[in-house]
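Chemist: Quick one: this structure, given as structure tokens, is what I'll be asking you about.
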Amino acid sequence: MFEYVFLGTSASAPSIKRNLTSNLLIHTDQRIMIDCGEGTQRQLLRSGLGFKRLDKIFLTHGHLDHILGLGGIVSTFARWEAISNLQIYAGAWALARVRDLLEVVLRGGEVEMHLDYRELKPGLIFQTKAFEVRAFPVTHRGTDCFGFIFEEYSRRPFLAEQADALGVPQGPERRYLVSGEAITLADGRIITPDEVLGPVVQGTKLVHVGDASRIDDLLPYVRGADALVIEATYADADQDFAYRYGHLTSSMAATLAREAQVHQLFLTHISRRYTGREIAQEARAIFPNTILAEDLDQVRIQHE
């Protein structure tokens, strides 16, 4: 299960109700920020989640509405929080722009912090014992734009009651069984993993797409996701603006969700020209299980 927090849901510029784009993914002991628009650190405080354990930021691309909050985040982390190392994952062009931005913040020695810049390439970029993150290319204005797949590993749950009935003691024996190794009990009986592990539970798959101008090349990566978080900057009536500025309309995002057979669609990065109601209505006409994200919404994503 992933917890997902929409810190900011506006496109290009903030509105009264929506801050610039940023998201926070939470899984066990991991907190990963995705994009960091201006004002993100205040949104973190408003969410009640704070800054602890937040040492990784993934950037979908280098446009200003997705990176300008980094200056404030770095300054706050270095001055007030017990975080001395920050990993920033982004494409080459975005990293170059971020380096220029943060060089100004760190200049003069007032702020001391180690920044670990990691250039993104398609494929596996990060993994824990429970899940992995893969990057994939996205078509938008400029180069080195990426989406992210967060996917838990499938697992077989340990059946403690069954283990108790078989006389498996607490301790390393149970860890061996979970890892797939048979054990021999003190009385000579051999216990195999199949005797104490339940059926395979498929892991949750969550896909995040930042700004995009087409959906056909996203289909292989999005297919079968439990949740798709994606931009829907424009309503259908303004599809000429979407084409001109390299963005999606609500219907394009919903069409992708339908064709990819995702379970749930979350729309974000909404232009401030809309209340959001028209965006949601247009998308739901194509893909009913659509949610229009609002600032500070917190959702749990779990494989059904």
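Since every read-out is calculated from the coordinates, none of them should be taken as a lab result. On a predicted model such as this, the values are computed, not experimentally measured, just so you know. Heads up, the Cβs are rebuilt from the backbone with ideal geometry, glycines too, and the neighbour counts pull from every protein chain shown.
Chemist: Mind checking which lysines have their C-alpha under 17 Å from K121, skipping anything on the same chain fewer than 8 residues away?
Modeler: K56
Chemist: Let me ask you something else. Can you give the angle from 0 to 90° between the axis of helix 92-106 and the longest principal axis of the chain, with both taken from C-alpha atoms, to the nearest 10?
Modeler: Between helix and principal axis, roughly 80 degrees.
Chemist: Rounded to the nearest 10 degrees, what's the angle between the helix 250-260 long axis and the longest principal axis of the chain, both from Cα atoms, 0 to 90?
Modeler: 30
Chemist: Right, here's the next one. Of L59, F77, L25, which is farthest towards the positive pole of the chain's charge dipole, taken about the Cα centre with +1 and -1 on the beta-carbons of Lys, Arg and Asp, Glu respectively?
Modeler: F77
Chemist: Need the C-alpha centroid separation for the stretch 207-259 versus the stretch 108-178, integer Å.
Modeler: A separation of 26 Å, based on Cα centres.
Chemist: Quick one: dipole size for the chain, taken about the Cα centre, charges +1 on Lys/Arg Cβ and -1 on Asp/Glu Cβ, in debye to the nearest 20. Mind dumping the intermediate values first?
Modeler: Working: 32 positive and 39 negative charges, 93 e Å.
For the chain, the charge dipole is close to 440 debye.
Chemist: How far is helix 70-80 tilted, in degrees, relative to the longest principal axis of the Cα atoms in the chain, given as a value from 0 to 90 rounded to the nearest 10?
Modeler: With rounding to tens, the tilt is 60 degrees.
Chemist: State, to one decimal in nm², a quarter of the convex hull surface area for the C-alpha atoms of the chain, i.e. the direction-averaged projected area.
Modeler: On the way: hull surface 71.1 nm².
Reported value for the Cα convex hull: 17.8 nm².
Chemist: Which of E173, E294, E282 moves most in a GNM of the chain, Cα contacts under 10 Å?
Modeler: Taking springs between Cα atoms under 10 Å, the residue moving most is E173.
Chemist: Within the chain, what is the longest stretch that has no trypsin sites (Lys or Arg not before Pro) placed in a DSSP loop and near at most 10 other beta-carbon atoms within 10 Å?
Modeler: Numbers: sites that count: K52, K129.
Free of exposed loop sites, the longest segment is 130-304.
Chemist: Quick one: Cα centre-to-centre distance for the stretch 1-77 and the stretch 84-106, in angstrom?
Modeler: Centre-to-centre distance over Cα atoms comes out at 15 Å.
Chemist: Here's a follow-up. Kindly identify the stretch 93-132 as rounded, prolate or oblate by the Cα gyration tensor criterion: order the square roots of the eigenvalues as a ≥ b ≥ c, call it rounded if a/c is under 1.5, otherwise compare a/b with b/c, prolate if a/b is larger, else oblate. Don't skip to the end; give the middle numbers.
Modeler: Working: a/c = 5.50, a/b = 1.91, b/c = 2.88.
Oblate shape, in that a/c is at least 1.5 and b/c is the bigger or equal ratio.
Chemist: Taking the chain as a Gaussian network, where each spring joins two C-alpha atoms under 10 Å apart, which residue of Q239, Q170, Q264 fluctuates the most?
Modeler: Comparing Q239, Q170, Q264 in the GNM, the peak value goes to Q170.
Chemist: Okay, moving on. Could you compute the net charge surrounding Q30? Neighbours are other residues with a C-beta less than 10 Å from the C-beta of Q30; K and R count +1, D and E count -1. Numbers along the way, then the final one.
Modeler: Numbers: positive: R31, R53, K56; negative: D29, D55.
With Lys, Arg at +1 and Asp, Glu at -1, the neighbours total +1.
Chemist: On to the next question. Quick one: work out the % antiparallel among DSSP beta bridges in the chain, nearest 5. All intermediate terms of the calculation are to be shown ahead of the outcome.
Modeler: Working: 34 of 61 bridges.
Of those bridges, close to 55 percent are antiparallel.
Chemist: Around A227, with a cut-off of 14 angstrom between Cβ atoms, what is the net charge of the other residues, counting Lys and Arg +1 and Asp and Glu -1? Numbers along the way, then the final one.
Modeler: Details: positive: K205, R223, R300; negative: E3, E151, E152, D226, D297, E304.
So the surrounding residues net to -3.
Chemist: Let me ask another. How long are the three semi-axes of the equivalent ellipsoid of the stretch 1-102, in whole Å, if each is the root of 5 times an eigenvalue of the C-alpha gyration tensor, listed from largest down? List each step's numbers first, then the result.
Modeler: Details: eigenvalues 66, 58, 37 Å².
Working from the Cα gyration tensor, I get semi-axes of 18, 17, 14 Å.
Chemist: Right, next: If you keep only loop residues by DSSP, which chymotrypsin sites (Phe, Trp or Tyr not before Pro) in the stretch 55-156 have at most 15 other Cβ atoms within 10 Å of their Cβ? Let's see the in-between values first.
Modeler: Values: sites: F58, F77, W80, Y89, W93, Y117, F126, F131, F146, F148, F150, Y153; in loops: Y153.
Answer in residue order: Y153.
Chemist: Report the full-extension gain for the segment S47 to V104: residue separation times 0.36 nm, less the Cα-Cα distance, to one decimal in nm.
Modeler: Full-extension gain reported as 17.7 nm.
Chemist: A further question follows. Rounded if a/c is under 1.5, else prolate if a/b beats b/c, else oblate: with a ≥ b ≥ c from the C-alpha gyration tensor eigenvalues square-rooted, which is the stretch 57-139? Mind showing how you got there, number by number?
Modeler: Working: a/c = 2.46, a/b = 1.45, b/c = 1.70.
Since a/c reaches 1.5 but b/c is at least a/b, the shape of the stretch 57-139 is classed as oblate.
Chemist: Does the stretch 93-176 classify as rounded, prolate or oblate by the C-alpha gyration tensor (a ≥ b ≥ c root eigenvalues; a/c under 1.5 gives rounded; else a/b over b/c gives prolate, otherwise oblate)? Intermediate results must be reported in sequence, preceding the final value.
Modeler: Values: a/c = 5.90, a/b = 2.15, b/c = 2.74.
Note, shape of the stretch 93-176 comes out oblate.
Chemist: For the chain, what does -39500 (n - 2.57) per DSSP helix run (n ≥ 4), summed and divided by total residues, give at 222 nm, in deg cm²/dmol to the nearest 500?
Modeler: Values: 10 runs with 84 residues, N = 304.
Computed ellipticity for the chain at 222 nm equals -7500 deg cm²/dmol.
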